[in-house]
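The values are calculated or read from the model by the stated rules, or taken from the named source; none is laboratory data. Being a predicted model, the structure only gives us computed values, none of them experimental. Here the Cβ positions follow ideal geometry from the backbone for every residue, glycine too, while neighbour counts run over all protein chains shown. All accessible areas refer to the heavy atoms of the entire protein, side chains included, with ligands and DNA or RNA removed. Shrake-Rupley method; radii C 1.70, N 1.55, O 1.52, S 1.80 Å.
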Amino acid sequence: QLNQLVDISVRECAVSHAGRKEEISRTCTNIRHINLSKNLISSWETVTAIASQVQNLETLNISENKIKFPSTSTPVSNVFSKLRILALNQTEITWTEVLLCAPGWPALEELYLTSNNITVLERPDNVLQTLKLLDLSDNQLLDGSQLHLIARLPRLEQLILRNAGISSIHFPDAGFGCKTKMFPSLKRLVINDNKISQWSSINELDKLPSLRSLQCHNNPFMDTEKNPETLRQLIIAKISQLEVLNKSEILPAERKGAELDYRKIFGNDWLAAGGNWNPEKNKPSEDFLAAHPRYPLLCLKYGAPEEGELKGRQPLTLKNQLLTLTIKCPEKPEQKPVEKKLPESMTVQRVKGLLYRLLKIPGSELKLSYESSKLEGKEVELDNDLKPLQFYSIESGDCVLVRW
């Protein structure tokens, strides 16, 4: 019942041409999604000959074919009029060739162009205006200003730039604390495995009006901070609207903690740069504002840091980080409470591993919560195995409750 087929994959099947005239349209009338990747297709004409027989084509993957694309503009046909998703990874297509073919893709929403040696972009005038996702990963773009050329795509919501050779990002049309007109709809940005070495590029991302999700692993700027928790806090504090960072949701309590800590950590720098508790005398330098553009807004939101908060902070030695906790099994009175010293950076998962050795109960069956020594009767669940104890604001003297 080939006429019932909607989704077909002939990946790595040595397909080289469209076959007998109209054979595809006769036998497979309902096809919408075709995977032709890693075949022997050598020209864009062959792709068009296949697609012309598929009336409702929505998804087409022709990655890993060495294709010759048109080098001059061609008459626009309606062959790809319903195409929404197109993958051209590892086809050696250039950005110029993309723009020459693009008038034939009037409804395209997702375009995948990874590993094509694309180094230079051009402005897509009157084409790709429906695009919501663009993946340019594994192309060595010459610099971050190349991105300005695609910044006017009105509907672009996702931009994926893994390993794209980018060393900096800047939006020169907007000043500190203002929003750029570039990438007006961009919600998700992926910049893993690039060469971004300055925090100023992260400051710039706060100018994107719609940004909600960021992935930025493996960039040199991250090496400036040894503690991954502090690194995460700094990024959260610098980008006001971010809701997801490196695939992990930012809850309101985490944002508040990050912003309060940021305000405190850089408080002495703020004072040294001309900051003042008296609004009339508060004139931090341009250099300070360039490094910390959100700082004045955080002071407006939470008030300027108080003098007591800025007195020399204790060095984070291991001794200071150890919590003295009582561990109890409320439903097993025969199990005596145990006192343990645990580092506040220890994750809930590792605490469960420790308790497994103590109690001989599989960690997967353990449910942990804690009672604060300051709040009688209030119990807080330790519900995320990957979070450290400090995330839950546990203090020395608190009691960890173990159930299974």
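Below are the figures for this structure:
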quantity: Charge dipole (debye, nearest 20) of the stretch 322-403; +1 at Cβ of Lys and Arg, -1 at Cβ of Asp and Glu; calculated: 340 debye
quantity: In the stretch 64-163, GluC sites (Glu not before Pro) in a DSSP loop with at most 14 other beta-carbon atoms within 10 Å; calculated: GLU122
quantity: Selected from LEU108, GLN349, PHE183, residue furthest toward positive end of dipole (the chain; charges at beta carbon); calculated: GLN349
quantity: Pairwise FRET efficiency - THR72 versus SER369, Cβ, R0 = 45 Å, nearest 0.05; calculated: 0.05
quantity: Max mean-square fluctuation residue, GNM over the chain, Cα-Cα springs under 10 Å, options SER73, SER393, SER137; calculated: SER393
quantity: Straight-distance crosslink candidates among lysines, where the alpha carbon sits under 26 Å from LYS38 and sequence neighbours closer than 8 are dropped; calculated: LYS21, LYS66, LYS68, LYS82, LYS132
quantity: Pairwise FRET efficiency - ASP223 versus GLU23, Cβ, R0 = 60 Å, nearest 0.05; calculated: 0.55
quantity: In Å², nearest 10: area of LEU375 left accessible to a 1.4 Å probe; calculated: 90 Å²
quantity: Nearest-20 debye value, the chain charge dipole, Cβ charges on Lys, Arg, Asp, Glu; calculated: 500 debye
quantity: Bridge type composition, the chain - antiparallel percent by DSSP, nearest 5; calculated: 35 percent
quantity: Full-extension gain in nm, GLU339 to GLU286, via 0.36 nm per residue minus C-alpha separation; calculated: 13.9 nm
quantity: Portion, in percent, of the accessible area of the chain that falls on carbon or sulfur, probe 1.4 Å; calculated: 50 percent
quantity: Virtual paramagnetic centre 7 Å along Cα→Cβ of SER210, amide N under 13 Å, in the stretch 173-197; calculated: 181-189
quantity: In degrees, nearest ten, helix 348-359 long axis to first principal axis of the chain (Cα); calculated: 60 degrees
quantity: Area accessible to solvent at THR27, 1.4 Å probe radius, in Å²; calculated: 60 Å²
quantity: Dipole of the stretch 322-403, positive direction: furthest Cα of LEU375, GLN390, GLN335, with charges on the beta-carbon; calculated: GLN335
quantity: Relative contact order of the chain, defined on C-alpha pairs under 8 angstrom at six or more residues apart (%); calculated: 7 percent
quantity: Between 0 and 90°, nearest 10: helix 252-265 axis offset from the chain longest Cα axis; calculated: 70 degrees
quantity: Accessible area of the chain divided out per residue, in Å², using a probe of 1.4 angstrom; calculated: 53 Å²
quantity: Pairs of lysine residues in the stretch 206-260 - Cα separation under 20 Å, sequence separation of 8 or more or cross-chain; calculated: 6
